[in-house]
């Protein structure tokens, strides 16, 4: 876990009755909703009841147009996690913030999640090296655009997202031959 996450989970100034709640937002507007909520908390003076707002994200590597690019991907699109003391007033501040569609829970009562669940989510978001996000799938027809088999056509036999590699079946002298290639070496037909 990073320094900010450690401080977030172990802050001493939070009361014992603060809990983590999952807030449903409009998909794609998580960051905008977080910013709006932070602004409302300051404006309305709720810093003593609403503490942390987290959008769980993970680093992944995508490959588009032959270039690797590291991006942050939301683990739970449409959701943010908020640490707060739930009162009628604090509930109203969060619930009436632009972009918030509601709390996750049974009926109208928000259901808190445990600190361990939040820690597990944040640990998952920060663990190991970034993964490749493949835009390829098994059985898909591709064209090799780099290496000794440039301009050969083939079919994807297997995809290894952890390594950023694919195994492509190409026809050499009338026989299907498997070739291991990097995501950057192929493109969809």
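The values are calculated or read from the model by the stated rules, or taken from the named source; none is laboratory data. Keep in mind that what you see is a predicted model, and the values were worked out from it rather than measured. Using ideal geometry, Cβ is built from the backbone for each residue, glycine included, and neighbour counts are taken over all protein chains shown.
Select from the stretch 146-189 the residues that are touching a helix residue (DSSP H, G or I) at 6+ places or on another chain (Cβ under 8 Å) and either on the phi > 0 side of the Ramachandran plot or modelled with pLDDT of 90 or more (or both) and list them in ascending order.
Scanning the stretch 146-189 gives 147, 164, 166.
Can you find a residue that is over 17 Å from residue 32 (Cα atoms), surrounded by fewer than 15 Cβ atoms within 10 Å (Cβ to Cβ) and modelled with pLDDT under 90 anywhere in the stretch 71-85?
Yes, the conditions are met somewhere in the stretch 71-85.
Could you grab me the full set of residues in the stretch 60-83 that are over 15 Å from residue 126 (Cβ atoms) and not in a loop (DSSP other than H, G, I, E, B)?
61, 62, 63, 64, 67, 68, 69, 71, 79, 80, 82, 83
Can you list the strands (runs of 3 or more DSSP E) found entirely within the stretch 138-189 that contain at least 2 residues being under 26 Å from the mean Cα position of the chain (by Cα)?
Per the criteria, 153-160, 165-172, 186-188.
Please enumerate the residues belonging to the stretch 1-59 that are surrounded by 14 or more Cβ atoms within 10 Å (Cβ to Cβ), modelled with pLDDT under 90 and part of a helix (DSSP H, G or I).
5, 8, 9
Anything in the stretch 84-108 that is under 17 Å from residue 43 (Cβ atoms) and part of a strand (DSSP E or B)? List them, or say none.
Hits for the stretch 84-108 are 84, 100.
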